[in-house]
Every structure is written in structure tokens, then in C-alpha cells.
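*Asks:* A single structure is presented below for examination.
The values are calculated or read from the model by the stated rules, or taken from the named source; none is laboratory data. Everything numeric here is computed off the predicted structure, so don't read it as measured data. Cβ placement follows ideal geometry from the backbone for every residue including glycine, while neighbour counts extend to all protein chains displayed.
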């Protein structure tokens with residue numbers, strides 16, 4: 001049986017860590033020190049592609065002979081970027097702005113190791129319900145999703161805000177697209193737990 005690769009998640013996000021744990025592969029999480037501000041005229045999609053790769057490269061440069069996963073996400077409302085609110089007031093303003101709207105959550109993923117480097121973009125379109133402000137305010141007090149882009153924590157109570165989700169990868173909305181990641185693992189020759197016994 002081949003030895004498990006040394007895997008690093010270039011993120012401090014507990015949501016991404018919980019997702020990666022589903023694969024049953026040992027890893028460590030190390031947050032890169034990067035300026036994540038968008039460049040002038042940079043689209044939400046291009047921002048996530050650039051930052052996913054930048055995060056992975058930053059950690060890979062400090063930890064050679066490892067495999068590093070970088071990921072980034074932004075929300076896009078009619079071309080307007082919606083980031084992490086940080087405060088209750090900002091989160092409420094975001095949710096009111098997204099009422100009845102279709103919002104695209106851009107999630108990008110990068111895997112770097114040995115001579116392999118590939119970045120994938122996975123979009124998710126979310127249709128938001130029209131809900132009273134009282135419901136939005138109560139949701140925010142209960143869930144406190146102030147570190148989530150768009151304030152909609154779909155894996156928790158935030159599901160009540162949503163009317164429909166369209167994506168090729170349901171885990172992309174939470175922040176780490178596992179279908180895309182396992183595809184990258186296979187392309188890079190990394191054995192997944194389900195296939196190790198056969199090798």
C-alpha cells in the first residue's frame with residue numbers, strides 16, 4: 001500500500017477543514033499570509049482563481065515535498081462582489097440586497113505538488129427567497145455567519161434563505177469543492193482511501 005501523501009490545506013477556515021476531513025486523508029491546515037483584496041477591475045471569478053493559486057503557492061514555497069490545497073470563494077450579485085460581512089449590520093444589508101435575486105458563488109480550487117499545479121473554478125448559482133427583515137435578523141442572531149461570503153451559511157440554518165441551488169458540486173457552496181478536489185487527486189496520481197487497497 002502506498003504511503004499517504006503529506007497534505008496541507010492552505011486555509012484557516014473551519015468549514016474547509018470539516019469538508020476535507022470527509023475524505024479520511026490526514027492533513028494539516030496552515031493559513032497563508034496574503035493580501036486578499038481584489039485588483040482593480042478584477043471580476044469575482046478571476047479573484048477566486050488568483051487567490052486559490054496564490055494561497056497554495058505561498059504555503060508550497062515554505063513546505064516543499066508536500067501537496068497543498070488552496071481555495072477561495074466570492075459571491076457575485078449582477079457583477080458586484082459580495083464578501084464576508086464581518087458585522088451584523090453588514091450581513092443584514094447583504095441579505096436584504098440579495099432578496100429574490102440569483103447570486104453566483106464562485107469557488108476556485110488549486111492543487112500544487114511535485115511538478116503538478118492545476119486550478120479549477122466551480123460556480124454555484126443560488127436563488128434567494130424573499131423573506132421579512134425580521135426573519136433575516138433572527139437568522140443572523142442565531143447563526144452568526146459573519147465570516148461567510150454573502151452571509152448565507154447553507155450547511156446550517158442559512159438553508160431557509162434559499163429557494164434553489166444549482167451546481168455541479170454541492171460542497172462548492174460551503175467553500176471546498178470535493179468532487180473537483182478528488183478529480184485533481186486522481187489526475188495527480190494521489191491514491192484515494194477507497195482505491196488504496198487495490199494498489
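*Asks:* Out of (1) under 23 Å from residue 91 (Cα atoms); (2) surrounded by fewer than 14 Cβ atoms within 10 Å (Cβ to Cβ); (3) within 21 Å of the chain's Cα centre (by Cα), what's the single condition that is false for residue 168?
*Replies:* Here residue 168 clears every test but (1).
*Asks:* Let me ask something else about it. I'd like the full set of residues that are closer than 17 Å to residue 76 by Cβ and surrounded by 16 or more Cβ atoms within 10 Å (Cβ to Cβ), limited to segment 121-141.
*Replies:* Across segment 121-141, the qualifying residues are 121, 122, 123, 124, 126, 128.
*Asks:* Which is within 14 Å of residue 150 (Cβ to Cβ) and modelled with pLDDT under 95, of 65, 78?
*Replies:* Only one candidate qualifies: 78.
*Asks:* Okay, next question. Grab the strands (runs of 3 or more DSSP E) fully contained in segment 100-171, keeping just those with 3 or more residues being farther than 18 Å from residue 70 by Cβ, in contact (Cβ under 8 Å) with a residue 40 or more places away in the chain and in contact with a helix residue (DSSP H, G or I) (Cβ under 6 Å, 6 or more places away or on another chain).
*Replies:* Fully inside segment 100-171 and qualifying: nothing.
*Asks:* Do we find a residue being assigned to a loop (DSSP other than H, G, I, E, B) and free of Cβ contacts under 8 Å to residues at least 12 places away in the same chain anywhere in segment 65-73?
*Replies:* Among the residues of segment 65-73, not one is assigned to a loop (DSSP other than H, G, I, E, B) and free of Cβ contacts under 8 Å to residues at least 12 places away in the same chain, which makes the answer no.
*Asks:* For segment 1-10, which positions are surrounded by 16 or more Cβ atoms within 10 Å (Cβ to Cβ) and modelled with pLDDT under 95?
*Replies:* Of everything in segment 1-10, just one residue is surrounded by 16 or more Cβ atoms within 10 Å (Cβ to Cβ) and modelled with pLDDT under 95, namely 5.
*Asks:* Can we say residue 118 is within 17 Å of residue 52 (Cα to Cα), more than 13 Å from the chain's Cα centre (by Cα) and modelled with pLDDT of 95 or more?
*Replies:* When the stated conditions are applied, residue 118 passes them.
Listed here are the residues, each with its yes/no results for (1) modelled with pLDDT of 95 or more; (2) touching a helix residue (DSSP H, G or I) at 6+ places or on another chain (Cβ under 9 Å); (3) assigned to a helix (DSSP H, G or I); (4) farther than 19 Å from residue 119 by Cβ.
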{"position": "25", "(1), (2), (3), (4)": "no, yes, no, yes"}
{"position": "33", "(1), (2), (3), (4)": "no, yes, no, yes"}
{"position": "42", "(1), (2), (3), (4)": "no, yes, no, no"}
{"position": "49", "(1), (2), (3), (4)": "yes, no, yes, no"}
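*Asks:* For segment 16-58, enumerate the residues that are in contact (Cβ under 8 Å) with a residue 60 or more places away in the chain, surrounded by fewer than 19 Cβ atoms within 10 Å (Cβ to Cβ) and over 23 Å from residue 186 (Cα atoms).
*Replies:* Within segment 16-58, 45 is the sole residue that qualifies.
*Asks:* Considering only residues that are on the phi > 0 side of the Ramachandran plot and in contact with a helix residue (DSSP H, G or I) (Cβ under 9 Å, 6 or more places away or on another chain), which ones fall in segment 172-190?
*Replies:* 175
*Asks:* Let me ask you something else. Tell me, yes or no, whether segment 81-96 has at least one residue that is outside any helix (DSSP H, G or I), free of Cβ contacts under 8 Å to residues at least 40 places away in the same chain, loosely packed, with under 15 Cβ neighbours inside 10 Å and more than 17 Å from the chain's Cα centre (by Cα).
*Replies:* Checked segment 81-96: no residue is outside any helix (DSSP H, G or I), free of Cβ contacts under 8 Å to residues at least 40 places away in the same chain, loosely packed, with under 15 Cβ neighbours inside 10 Å and more than 17 Å from the chain's Cα centre (by Cα).
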